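Some notes on the structure that comes next.
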Amino acid sequence: MIAERLNTILSELPQSVKLVAVSKFHPLSAIREAYDAGQRVFGESRPQEFAAKVPLLPADIEWHFIGHLQTNKLKLVLPYASLVESVDSVHLLEAISRWAVSEGRTVDVLLELHLGSEKTKSGLSEEEILSICGAPLEGICLRGLMGMATNTDDKAVIRSEFERIAALKRLINTGFPSLESFSELSIGMSDDWPLAVEAGSTAVRIGTAIFGPREY
Ligand SMILES: *Cc1c(COP(=O)(O)O)cnc(C)c1O
C-alpha cells in the first residue's frame, strides 16, 4: 500500500522536486516500508518522537525536521537533522546558531514564512526574513524558505499564497546574491502539492497521501 502510493506520487512529481515523506505519528514499520520502496528523505515534527525513531532506522536516511522546535529541545534534533525546515522565530534561529558554534557545526535551515491565514500557523514575517538574510548568523546555512498554505479547498487562495512565498524567494535571490545556498522552496503537502509544484516548489512534504491518516 505505502509503496504503491509512494510510486504514484513519484510518477507525477517532476524529478527535480524532492519528496519528503512525512512520517510523524506513523510507526517504524511504515517508515521501513517506504524505505524498502526506495524513499530516503523523511520528515518528522516532534522532537521526542524524532530522537526515538532515528537510531532505530537505517543510517542513510536524510531526516528533515519540520515541526515547531522549542529551544530546550535542540539536542534531540540538531545532531540528527540534515535540514531544519521550520525555523519560525528569530529566538529559535539565535539558539540554533549558539548550538552550532559551540559544537563546531553548521546547521542547514529553511526559514518558515507565516503563510496560511489560520491563527494556529506559525512562522516569520517577510520583514523578519529579510532582516535575517541581511545579517546571517554564525553556524547557520540559510538554504531557503518553507511555508504552509491555508487549509482550504479554494485553489485561488492556495495559489496566491504559494505565489507570495515564491516571490519572496526570488526577491532574496536577487537582493542577497551572497547567499549562494538559498535555493530551496519547501511548499506543498498531500492536498495541495500540485499547486506548489506549479508555483516553483523544490521540495514537497507529503504525509497522509503516502502513509494514510494519522492516529493522534
Ligand atoms: C504534517 C505536516 C506535513 C504533511 O501533511 P499531510 O497533509 O499529511 O501531507 C507537511 N508539512 C508539515 C510542516 C507538517 O507538519
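The values are calculated or read from the model by the stated rules, or taken from the named source; none is laboratory data. Quick caveat, the model's predicted, so the values are computed rather than measured. Note: ideal-geometry Cβ built from the backbone for every residue, glycine included; neighbour counts use all protein chains shown. Heads up: the accessible areas ignore ligands, DNA and RNA and are worked out on the full protein's heavy atoms, side chains in. Shrake-Rupley method; radii C 1.70, N 1.55, O 1.52, S 1.80 Å.
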(message) Restricting to the stretch 39-68, count the residues that are without any contact (Cβ under 8 Å) to a residue 12 or more places away in the chain and either among the acidic types (Asp, Glu) or part of a loop (DSSP other than H, G, I, E, B) (or both).
(response) 1
(message) Looking at the stretch 133-169 only, could you name the residues that are within 24 Å of GLU103 (Cα to Cα) and of a type outside the set (Gly, Ala, Ser)?
(response) CYS133, PRO136, LEU137, GLU138, ILE140, CYS141, LEU142, ARG143
(message) Suppose we keep only residues that are under 17 Å from LEU83 (Cβ atoms) and open to solvent by 40 Å² or more (accessible area, probe 1.4 Å) within the stretch 43-59. Which one would you say is nearest to the ligand (Cβ to nearest atom)?
(response) ARG46
(message) Checking GLU127 against (1) more than 16 Å from the ligand (Cβ to nearest atom); (2) touching a strand residue (DSSP E or B) at 6+ places or on another chain (Cβ under 8 Å); (3) at pLDDT 95 or above: exactly one of these is not met. Which one?
(response) (2)
(request) Mind listing whichever residues of the stretch 168-216 are assigned to a loop (DSSP other than H, G, I, E, B), open to solvent by less than 20 Å² (accessible area, probe 1.4 Å) and out of contact with any strand residue (DSSP E or B) (no Cβ under 6 Å at 6 or more places or on another chain)? (result) ILE187, ASP192, GLY212
(message) Pairs needed: first member in the stretch 1-21, without any contact (Cβ under 8 Å) to a residue 40 or more places away in the chain and closer than 15 Å to ARG40 by Cα; second member anywhere, away from the ligand (no atom under 16 Å from the Cβ) and not aliphatic (A, V, I, L, M); C-beta distance under 7 Å; at least 6 residues apart or different chains.
(response) ALA3/GLU33
(request) Among the numbered conditions (1) of a type outside the set (D, E, K, R); (2) more than 13 Å from the ligand (Cβ to nearest atom); (3) in contact with a Lys or Arg (Cβ under 7 Å, 6 or more places away or on another chain), tell me where ILE210 comes up short. (result) (2)
(request) State the number of residues belonging to the stretch 98-125 that are of a type in the set (Asp, Glu) and buried (at least 17 other Cβ atoms within 10 Å of the Cβ). (result) 2
